[in-house]
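Asks: Dropping a structure here in structure tokens format, bear with me for questions.
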Amino acid sequence: MSKRTKATQNTVALFSEERLPCPTAQPSALPDSNDSNDPNDSNRNQDEGSILAALLGPKVMRHPLIQRFLAIDPEKRMLGAVVSLAMLIFLPWLGAVGLWDCWEVHYGEVARAMVARHDPIIPYWENAYFFSKPPLTMWLQAFGIWLSDSLAQGNSHLGIYAEWAMRLPFALLMLLAVGLLTLAMGRVFNRRVGLLSGVALATSPLFFLLARQTVTDTPFVAMLTCGLSAFLIAEFSPVSRSARELAEGDPAKARAEGTVTFWWLLAYAFFGLATLAKGLLGFLLPGAILLAYLLVSWDWSLLKRARILPGLAIFAVIAAPWYLRLSLFDGKDDGSKTFVQRFFLHDHLNRVSRGVHTTTPNTTFTYFIEQLGYAVFPWIVLLPGACALLGRLSPRGRAAKNQASIFIALWALVAFLVFTLSATKFHHYCFPIVPPLALMAALYLDDLWRQGRVGLEKNALLILAGLVLFALVAHDLWKAPAHLIHMFVYKYDRAYPLEEVNPKRVFQVLFVTAGLGLAAAALVFRSRKTFICLITTLAIAFSLYGSWVHWKNLTFHWSQRDIFWAYYQNRKSDEPIAAYYMNWRGETFYSSNTIRQIKARDKFDEFLDQKGAVWILVEQSRYEKMSQLVEAKQRSIEIVDRSGNKFYLAKATPKNRG
């Protein structure tokens with residue numbers, strides 16, 4: 001029998017699986033990974049194919065193109081499908097819009113200064129050293145600026161490819177995180193779980209939105225996710241179990257040990273990069289997660305398998321040089337603080353203990369629970385069941401999948417507690433919790449799939465609870481779409497351009513249709529096929545709309561790029577520009593640090609006393625008062641650009657006194 005014919009028969013059989021009664025009526029426990037150690041095991045090879053067969057049907061599955069697809073190595077097929085989807089979500093329109101105020105442009109200006117000053121080591125902002133953040137974010141941005149040759153015109157507007165080149169490295173890191181997590185879950189559990197994990201992560205709103213942002217949290221969470229994915233493979237995959245169980249002297253054991261060592265050392269390397277992205281949290285957070293796992297599982301033999309000495313050496317080679325160089329540097333920033341004072345004391349210790357520069361003071365324990373509802377929508381419908389599923393596991397069970405599931409639950413719990421206990425909070429601080437929640441959703445969806453119709457019946461209350469959460473979050477997003485962008489912006493009270501960018505109708509159609517469909521599929525028809533089809537279709541449609549349309553349309557109101565394009569297009573070469581009582585950072589970046597910062601009345605009068613026309617960038621709320629001061633200096637003023645809802649670009653011209 002040919003492989004193609006056999007594959008067709010298998011998928012047809014799996015397609016009819018839903019009509020068969022489930023052999024057990026109890027919520028299933030996660031099977032031991034040893035069940036899938038054999039690469040020829042049919043259950044392991046058919047896991048993601050069963051979903052595809054159920055969704056497409058036997059007739060479509062017999063199509064030659066589908067058969068060619070199924071002939072590809074299953075692991076490569078799984079990775080290719082997930083990474084292709086993630087690329088479709090993350091990459092289009094990256095450079096179509098400008099960098100967002102205030103974080104993207106803040107770090108962007110530091111990166112621009114690195115290129116302009118030919119100094120990638122000592123960060124610099126405006127007229128002083130910049131010690132608040134580690135360098136990886138600025139290095140990635142600087143690489144994009146250099147690659148696109150965006151400074152070729154000197155003190156003029158940046159090249160048209162600047163934003164595309166600056167954002168691309170961040171999107172690629174997020175693609176790497178999705179791919180490695182998919183690979184890890186596929187190897188530790190099965191390829192169906194791997195496929196669902198990758199799809200859930202790539203379509204979670206906070207993940208796909210921050211994949212388009214050049215901020216410190218993007219490489220931090222990407223590297224953290226990659227490091228913990230490498231740990232999952234090193235500790236829980238079949239090759240890891242083989243390395244422990246095979247006899248000494250067996251050549252297969254040596255090969256397995258080499259593979260395990262590779263993944264362990266790769267994990268340390270990723271934690272080193274995470275430390276260059278976010279500071280001490282880059283190794284303290286994964287360290288806290290691993291410590292919690294040791295305490296819960298009581299598997300202290302893991303320390304013997306952890307390749308600690310070579311791992312720490314790799315970590316130190318990656319992370320230590322920059323921190324050592326800056327710690328020995330005696331320069332001071334604009335607050336007269338050294339690197340140690342600013343970075344370690346102010347931006348680490350004080351942020352955690354006292355609260356520094358937070359826009360959400362006096363928050364409660366539920367603060368991140370609310371944000372996570374938006375961050376993982378629509379997969380939140382699966383989280384009550386996922387918590388119940390993982391809650392039934394034995395903390396001391398030695399089955400690989402049991403241990404891996406406990407680790408994933410602790411990943412989510414420890415990250416939640418760390419950021420909840422921090423005195424400084426922003427909405428996006430819940431970002432490190434998103435990957436494990438996506439994994440939990442995938443594990444529960446896989447459990448429902450394996451149980452079939454009986455599983456939907458036994459989990460009816462948990463699914464109903466998830467549908468209630470779905471409805472609450474969907475209602476909030478429909479009523480206030482600003483919840484989406486508030487997950488990664490700075491000022492949450494900034495005016496939202498609802499008249500210009502109104503997604504409510506799209507949200508209403510998506511949420512109502514999918515919500516009713518999910519309820520009917522799970523609670524009325526008990527169809528796992530329809531349920532999984534609807535949840536994945538909604539997630540993909542929502543992520544494509546959110547990243548291709550909504551994010552792109554909103555950017556014009558949070559970016560100053562188009563305003564400066566209008567300035568450079570309409571000014572004469574000797575006409576200066578000033579920012580009137582502004583501190584949004586974009587004015588510094590998009591003027592290449594040539595803009596005049598006006599924060600005092602006498603300085604504004606001095607600026608207006610110049611000969612000829614001058615240009616003024618001003619917040620709309622300040623325009624009326626500013627225009628009166630301009631008129632008092634015998635100048636007429638006109639608004640040249642009002643394309644956004646936050647700023648005006650105005651031109652002040654001397655009045656004709658003749």
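The values are calculated or read from the model by the stated rules, or taken from the named source; none is laboratory data. Computed from a predicted structure; not experimentally measured. Cβ placement follows ideal geometry from the backbone for every residue including glycine, while neighbour counts extend to all protein chains displayed.
Okay, residues lined up against (1) over 14 Å from V215 (Cα atoms); (2) out of contact with any Ser or Thr (no Cβ under 8 Å at 6 or more places or on another chain); (3) not in a helix (DSSP H, G or I):
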residue	(1), (2), (3)
L79	yes, no, no
V110	no, yes, no
A113	yes, yes, no
K133	no, no, yes
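Asks: Return the residue satisfying two criteria in turn: it lies in the stretch 263-295 and is touching a residue at least 24 places away in the same chain (Cβ under 8 Å) and over 28 Å from H428 (Cα atoms), and of such residues it is surrounded by the most Cβ atoms within 10 Å (Cβ to Cβ).
Replies: W264
One line per residue, one yes/no per condition, for (1) touching a helix residue (DSSP H, G or I) at 6+ places or on another chain (Cβ under 7 Å); (2) modelled with pLDDT under 95:
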site	(1), (2)
A13	no, yes
S28	yes, yes
D32	yes, yes
N45	yes, yes
L52	no, yes
I66	yes, yes
D73	no, yes
V82	yes, no
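Asks: Do we find a residue being among the small types (G, A, S) and farther than 30 Å from S643 by Cα anywhere in the stretch 439-448?
Replies: Within the stretch 439-448, one or more residues are among the small types (G, A, S) and farther than 30 Å from S643 by Cα.
Asks: Can you spot a residue in the stretch 240-251 that is touching a residue at least 40 places away in the same chain (Cβ under 8 Å) and not in a helix (DSSP H, G or I)?
Replies: No, the conditions are met nowhere in the stretch 240-251.
Asks: Could you count how many residues in the stretch 191-209 are within 9 Å of the chain's Cα centre (by Cα) and assigned to a helix (DSSP H, G or I)? Explain how you work it out, then say what you get.
Replies: From the stretch 191-209, those within 9 Å of the chain's Cα centre (by Cα) are 201-202, 204-209; that's our starting set.
Those left that are additionally assigned to a helix (DSSP H, G or I): 201-202, 205-209.
Summing the residues that are within 9 Å of the chain's Cα centre (by Cα) and assigned to a helix (DSSP H, G or I) in the stretch 191-209 gives 7.
Asks: From (1) surrounded by 16 or more Cβ atoms within 10 Å (Cβ to Cβ); (2) among the aromatic types (F, W, Y); (3) in a loop (DSSP other than H, G, I, E, B); (4) in the same structural domain as Y374 (by TED's automatic domain parsing), pick out the condition that doesn't hold for F511.
Replies: (3)
Asks: Now, a different point. Any idea how many residues of the stretch 609-635 are without any contact (Cβ under 8 Å) to a residue 24 or more places away in the chain and not small (G, A, S)?
Replies: Quick first cut of the stretch 609-635, residues without any contact (Cβ under 8 Å) to a residue 24 or more places away in the chain only: 621, 624-625, 627-628, 630-632, 634.
Pick out the ones that are also not small (G, A, S) and you get 624-625, 628, 630-631, 634.
The total comes to 6.
Asks: Let me ask you something else. Sort out which residues of the stretch 635-658 are loosely packed, with under 13 Cβ neighbours inside 10 Å and either assigned to a strand (DSSP E or B) or modelled with pLDDT of 95 or more (or both), and write them in order of number.
Replies: If the condition is that a residue be loosely packed, with under 13 Cβ neighbours inside 10 Å and either assigned to a strand (DSSP E or B) or modelled with pLDDT of 95 or more (or both), then E638 is the only one that fits.
Asks: Still on this structure, I have one more. Here are R212, R167: which of them is in a loop (DSSP other than H, G, I, E, B), buried (at least 24 other Cβ atoms within 10 Å of the Cβ), under 18 Å from the mean Cα position of the chain (by Cα) and of a type outside the set (G, A, S)?
Replies: Checking each option against the conditions leaves just R212.
Listed here are the residues, each with its yes/no results for (1) at pLDDT 95 or above; (2) among the basic types (K, R); (3) part of a loop (DSSP other than H, G, I, E, B).
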site: F270; (1), (2), (3): yes, no, no
site: G282; (1), (2), (3): yes, no, no
site: V296; (1), (2), (3): yes, no, no
site: A313; (1), (2), (3): yes, no, no
site: V317; (1), (2), (3): yes, no, no
site: A320; (1), (2), (3): yes, no, no
site: N350; (1), (2), (3): no, no, no
site: N362; (1), (2), (3): no, no, yes
site: E370; (1), (2), (3): no, no, no
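Asks: Give me the residue from the stretch 124-143 that is within 16 Å of D217 (Cβ to Cβ) and polar (S, T, N, Q) and, out of that set, nearest to the chain's Cα centre (by Cα).
Replies: Selected residue: T137.
Asks: So Y444 passes all but one of these: (1) under 30 Å from L99 (Cα atoms); (2) hydroxyl-bearing (S, T, Y); (3) part of a helix (DSSP H, G or I). Which condition number does it fail?
Replies: (1)
Asks: What is the residue count in the stretch 630-644 for residues that are of a type in the set (G, A, S) and under 16 Å from H557 (Cα atoms)?
Replies: Of the residues in that region, 2 qualify.
Asks: Search the stretch 135-163 for residues being of a type in the set (A, V, I, L, M) and assigned to a helix (DSSP H, G or I), and hand back the single one that is farthest from E104 (Cα to Cα).
Replies: This residue is L147.
Asks: Quick one: is L176 closer than 30 Å to R585 by Cβ, touching a Cys at 6+ places or on another chain (Cβ under 9 Å) and in a helix (DSSP H, G or I)?
Replies: Values: closer than 30 Å to R585 by Cβ: yes; touching a Cys at 6+ places or on another chain (Cβ under 9 Å): yes; in a helix (DSSP H, G or I): yes.
Yes, satisfied.
Asks: So, one more: Hey, among W139, W125, which residue is of a type in the set (F, W, Y), touching a His at 6+ places or on another chain (Cβ under 9 Å) and either at pLDDT 95 or above or assigned by TED's automatic domain parsing to the domain that holds L273 (or both)?
Replies: After ruling out the rest, the residue left standing is W125.
Asks: Just a yes or no: is a residue in the stretch 484-504 in a helix (DSSP H, G or I), exposed (fewer than 15 other Cβ atoms within 10 Å of the Cβ) and not assigned by TED's automatic domain parsing to the domain that holds R642?
Replies: yes
Asks: Given (1) out of contact with any Pro (no Cβ under 7 Å at 6 or more places or on another chain); (2) touching a residue at least 12 places away in the same chain (Cβ under 8 Å), where does I535 come up short, assuming only one miss?
Replies: All conditions pass for I535, except number (1).
Asks: Continuing with the same structure: Which residues, taken from the stretch 240-262, are hydrophobic (A, V, I, L, M, F, W, C) and either surrounded by fewer than 20 Cβ atoms within 10 Å (Cβ to Cβ) or on the phi > 0 side of the Ramachandran plot (or both)?
Replies: So in the stretch 240-262, the residues hydrophobic (A, V, I, L, M, F, W, C) come out as 243, 246-247, 252, 254, 256, 260, 262.
Of everything in the stretch 240-262, those that are hydrophobic (A, V, I, L, M, F, W, C) and either surrounded by fewer than 20 Cβ atoms within 10 Å (Cβ to Cβ) or on the phi > 0 side of the Ramachandran plot (or both) turn out to be L246, A247, A252, A254, F262.
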